[in-house]
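Structure first, then comments.
Just so it is clear, none of the values below were taken in a lab; they were calculated from the coordinates. Being a predicted model, the structure only gives us computed values, none of them experimental. Ideal geometry is used to build each Cβ from the backbone, glycine not excepted, and the neighbour counts take in all protein chains shown.
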Amino acid sequence: MVAKPGLDGHDRGARILARCFRDAGFEVVYTGCHQTPEQIAASAIQEDVDVVGLSCLSGAHRALFPKVVELLREKGAGDITVIGGGIIPEQDFSMLYESGIKAIFTPGASLDSIVEWIKTNIKPH
Amino acid sequence: MDTTIKKICAGDIRTASRLIRDIEDKLPDAKAKIKKLYTHTGKSFIIGITGAPGAGKSTLTDALISEFRKMNKTVGVLAVDPTSPFTGGAILGDRIRMQRHAEDTGVFVRSLATRGALGGLSQAAGNAIHVMEAMGKDIIIVETVGIGQQEIDIINHAHTVLVVLVPGMGDEIQTMKAGLMEIADVFVINKADRAGARQLQTELSSMLNLSPKTADGWKPPIVMVGNAFEPATFNQNTAELAQKIGDHRLYLQQSGQLTERMHRKAMTEIKDALTSCLMEPVMHSLVTDGELEKIAEKIKNRKSDPYTVAEEITEKFFQKQAKK
């Protein structure tokens, strides 16, 4: 699932990623912009996805990304991998990893490297 | 009772969603679960929404969810989008329009990719409906993939079928054609604020006046639905749509048509189950032992023909079954 949490309408990146995952043979649920972490967690569970990719360009990732992980865990879905991307300064990486985000991709990351990460790290049930 | 079945009957979304995935992936265990689940199914009212890509099916589904929630009904939605014939990938984008209901525990939206099915649904749709039925959903809305004229599998699964049309898609002859135009229980002319909507309404009405369906007491109503960005009229229109769906449900119950539709559904389910019990194991073994490639080679070189080959395979399959 590709999701955009928070008040950030810059979804070009998320859409390109969704398309690129499609071309890699994945089934991709795209939930659109302006989603709350609650909406994202609920959707991920309803769709029973393997991985949630969060995209955030507004700077609110420190609050929004960990919240998604927290909600999934609360609902007994802590096994769903959450990764993130966007404008994320390097000093925030450790905080995000500690909160349970499994990978972070920033501008310059190649599409192939993101697909590759998922293929390597996500095992279907 | 099996814990999975118990959880699903109690409405547990995570368990239900996982079973739907296992059904999609055709895991043998999923079939066993469906067997146990089956007695808990058949109580929901199932609405099919179909129409061309971009006609507004997801937006209408979203509006109908709101209408049914106002009536205190729980709602399940199955939203189907197409799978790429080249990569097997899919963009499932229907739920974007329904995200305001994401946190409502009375609403469960699940996307499905067609995975090669050509009838406008996914092969998993029938059983996914059963899972939602077992969860106790009052209403299940099945939104087909954006379709053309002929992908009408939805009639084998839904009680009431909505066909969503938009103005500007062709002349009167289009309304006369077989297939899609015959399956509607309720017509929606969506984006009715656009040029050509009235003309389409006139053409549809005159088509319906000739339809033999009117003889048995139900004439598909035509509901005009305006611009979704003008909430006042849009909400009024979609409330009317919900009303017409309710009317059709009542008609089905009172006319005995419901029994007929359930019979059609049973036939489809038997056919699907037979395909899965006969066709799939045959294909599976042909693929895994490499036999399929050899056969294809034989046919390509005109050493044999498809019918002889199929007869040989069938005979072998039944011999093997008999030994078992």
Quiz prompt | Rounded to 10°, Cα long-axis angle of helix B:13-24 versus longest principal axis of chain B | solution = 50
Quiz item: Which residue fluctuates the most in chain B, going by a Gaussian network model with Cα springs under 10 Å, if the choices are B:LYS73, B:LYS191, B:LYS177?
Solution: B:LYS177
Quiz item: Given the pairs A:LYS102/A:LYS123; A:LYS67/B:LYS73; A:LYS4/A:LYS75, which are separated by over 22 angstrom at their Cα positions?
Solution: A:LYS67/B:LYS73
Quiz item: With a ≥ b ≥ c the root eigenvalues of the C-alpha gyration tensor of chain A, is it rounded (a/c under 1.5), prolate (a/b larger than b/c) or oblate?
Solution: rounded
Quiz item: How much mean residue ellipticity at 222 nm does chain B get from its helices, if each DSSP H run of length 4 or more adds -39500 (n - 2.57) and you divide by all residues, to the nearest 500 deg cm²/dmol?
Solution: -14500 deg cm²/dmol
Quiz item: In peptide A:36-45, how many Cβ atoms from other protein chains are near each Cβ within 10 Å, on average?
Solution: 4
Quiz item: Once a ≥ b ≥ c are taken as the square roots of the eigenvalues of the Cα gyration tensor of the range B:192-324, is the result rounded (a/c under 1.5), prolate (a/b larger than b/c) or oblate (a/b not larger than b/c)?
Solution: prolate
Quiz item: How large is the charge dipole for the protein assembly as shown, taken about the Cα centre, if only the Cβ atoms of Lys, Arg (+1) and Asp, Glu (-1) carry charge, to the nearest 20 debye?
Solution: 700
Self-check item: Percent of Cα-Cα distances greater than 29 Å, calculated over chain B
Solution: 43
Quiz prompt | Rg/Rg_globular for the range B:239-279, with Rg_globular taken as 2.2 N^0.38 Å and Rg from C-alpha atoms | solution = 1.67
Quiz item: Expressed as an acute angle from 0 to 90° and rounded to the nearest 10, what is the orientation of the C-alpha long axis of helix B:231-255 relative to the principal long axis of chain B?
Solution: 60
Quiz prompt | Where the Cα pairs of the range B:25-109 fall when distances are cut into 10 Å bins, in % | solution = 14, 36, 35, 15, 0
Quiz prompt | Cα gyration tensor, the protein assembly as shown - rounded (a/c under 1.5), prolate or oblate | solution = oblate
Practice problem: Determine which lysines satisfy two conditions relative to B:LYS324: a Cα distance under 16 Å, and not lying fewer than 8 residues away in the same chain. | Solution: B:LYS316
Practice problem: In a Gaussian network model over chain A where Cα atoms closer than 10 Å are linked, find which of A:ALA24, A:ALA103, A:ALA14 has the largest mean-square fluctuation. | Solution: A:ALA24
Quiz item: Once you put a point 7 Å from the Cα of A:ASP92 and another 7 Å from the Cα of B:TYR38, both along the Cβ direction, what distance in nm separates them?
Solution: 5.3
Quiz item: What's log10 of I(q)/I(0) for the range B:143-193 at q = 0.15, 0.16 Å⁻¹, Debye sum over Cα points only, no solvent?
Solution: -0.40, -0.46
Self-check item: P(r) weight above 14 Å for the range A:1-56, C-alpha pairs, percent
Solution: 47
Quiz item: Distance in nm between label sites at A:ASP79 and B:ARG302, each 7 Å beyond Cα in the beta-carbon direction?
Solution: 5.6
Quiz item: Taking +1 at the Cβ of each Lys and Arg and -1 at the Cβ of each Asp and Glu, which of A:PRO89, A:THR120, A:PHE105 sits farthest along the dipole of the range A:25-125 towards its positive end, judged by Cα position relative to the Cα centre?
Solution: A:PRO89
Exercise. Using the Kyte-Doolittle scale, find the helices of chain A whose mean hydropathy is at least -0.5 and whose Cα atoms extend 18 Å or more along the helix's long axis, counting only whole DSSP H runs.
Key: A:61-74
Quiz prompt | Set B:LYS43/B:LYS177; B:LYS36/B:LYS70; B:LYS137/B:LYS265; B:LYS271/B:LYS300 screened for pairs whose C-alpha atoms are more than 24 Å apart | solution = B:LYS43/B:LYS177; B:LYS36/B:LYS70; B:LYS271/B:LYS300
Quiz item: Taking the Cα centre of the range B:1-99 as the origin, how large is its charge dipole in debye, to the nearest 20, when only Lys and Arg (+1) and Asp and Glu (-1) carry charge on their Cβ atoms?
Solution: 380
Exercise. Quick one: order B:THR4, B:THR308 by neighbouring beta-carbon count within 10 Å, fewest to most.
Key: B:THR308, B:THR4
Self-check item: Inter-chain Cβ neighbour average for residues B:10-18, partner chain, 10 Å
Solution: 3
Quiz item: Under a point-charge model restricted to the Cβ atoms of Lys and Arg (+1) and Asp and Glu (-1), what is the dipole moment magnitude of chain B relative to its Cα centre, in debye to the nearest 20?
Solution: 760
Practice problem: Pick out which of A:ARG62, A:ARG22, A:ARG12 has the largest mean-square fluctuation in a Gaussian network model of chain A, springs linking Cα atoms closer than 10 Å. | Solution: A:ARG12
Quiz item: Any idea what diffusion coefficient the range B:77-196 gets from Stokes-Einstein, in µm²/s, Kirkwood Rh on alpha carbon pairs, 37 °C, 0.692 mPa s?
Solution: 208
Practice problem: Any chance you could give the angle, 0 to 90 degrees and rounded to 10, that helix B:125-134 forms with the longest Cα principal axis of chain B? | Solution: 70
